[in-house]
1. Would you mind counting up the charge near Glu50? Only other residues with Cβ under 14 Å from its Cβ, with Lys and Arg at +1 and Asp and Glu at -1.
2. Taking segment 56-127, which chymotrypsin sites (Phe, Trp or Tyr not before Pro) meet the DSSP loop condition and have no more than 14 other C-beta atoms within 10 Å?
3. Using a Gaussian network model of the chain whose springs link C-alpha atoms within less than 10 Å, name the residue from Ile44, Ile90, Ile11 with the highest mean-square fluctuation.
4. Send over a whole-number figure in Å² for the accessible area per residue of segment 1-116, probe 1.4 Å.
5. Which value at 222 nm does the chain reach when only helices count, each DSSP H run of 4 or more adding -39,500 (n - 2.57), with the total divided by all residues and rounded to the nearest 500 deg cm²/dmol?
6. Under a Cβ-Cβ cut-off of 11 Å, what is the net charge of the residues other than Glu86 that fall near it, where Lys and Arg count +1 and Asp and Glu count -1?
7. On average, how much area does the Cα convex hull of the chain cover when viewed from any direction, in nm²?
Amino acid sequence: AMTVYARVVSIHALGKGEGVGYTLQMGNAPSHVAIAAMGYAHGIPRKIAEAGHAWWRGRPLRYAAPPWMEFSAFALTGSEMDILEEEIEILGPHAPPHIFAWKVGMAPEEFVVRLSPAIPREFCGVP
């Protein structure tokens, strides 16, 4: 079992007609996004935005756009404005990597081994 967390480093209010990400996606654009410090340079596939979510305080956070190199944007619904500086679960028991892997066309093992060595690892239960 593994869990990967990322810290929310910014909350951004979107103006009317303002998009998110490299392609400035505006379909179902939220009014606010949380920017977490983890992106495709860390091994998170850009296609995860189509199939995945993060998890925070008992609820899913949908991706607002495909991850950028160093960051990911998550749609906020209004009740999550206290998320700044919090850690969100990018992968783990509530955001299972094996399910996301199949949805983005990868084997679960391939998905996990692509995670950057820069992501801190804590081994539990190892003598």
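The values are calculated or read from the model by the stated rules, or taken from the named source; none is laboratory data. Bear in mind the structure is a predicted one, so any value in this text is a computation, not a measurement. Here the Cβ positions follow ideal geometry from the backbone for every residue, glycine too, while neighbour counts run over all protein chains shown. With ligands, DNA and RNA removed, areas are computed over all heavy atoms of the protein, side chains included. Shrake-Rupley method; radii C 1.70, N 1.55, O 1.52, S 1.80 Å.
1. Net of charged neighbours comes to +4.
2. The qualifying sites are Phe123.
3. Maximum among the listed residues: Ile11.
4. Solvent-accessible surface per residue comes out at 51 Å².
5. Result for the chain: -3000 deg cm²/dmol, rounded to the nearest 500.
6. Value of the local net charge: -3.
7. The Cα convex hull of the chain, projected and averaged over all directions, gives 8.0 nm².
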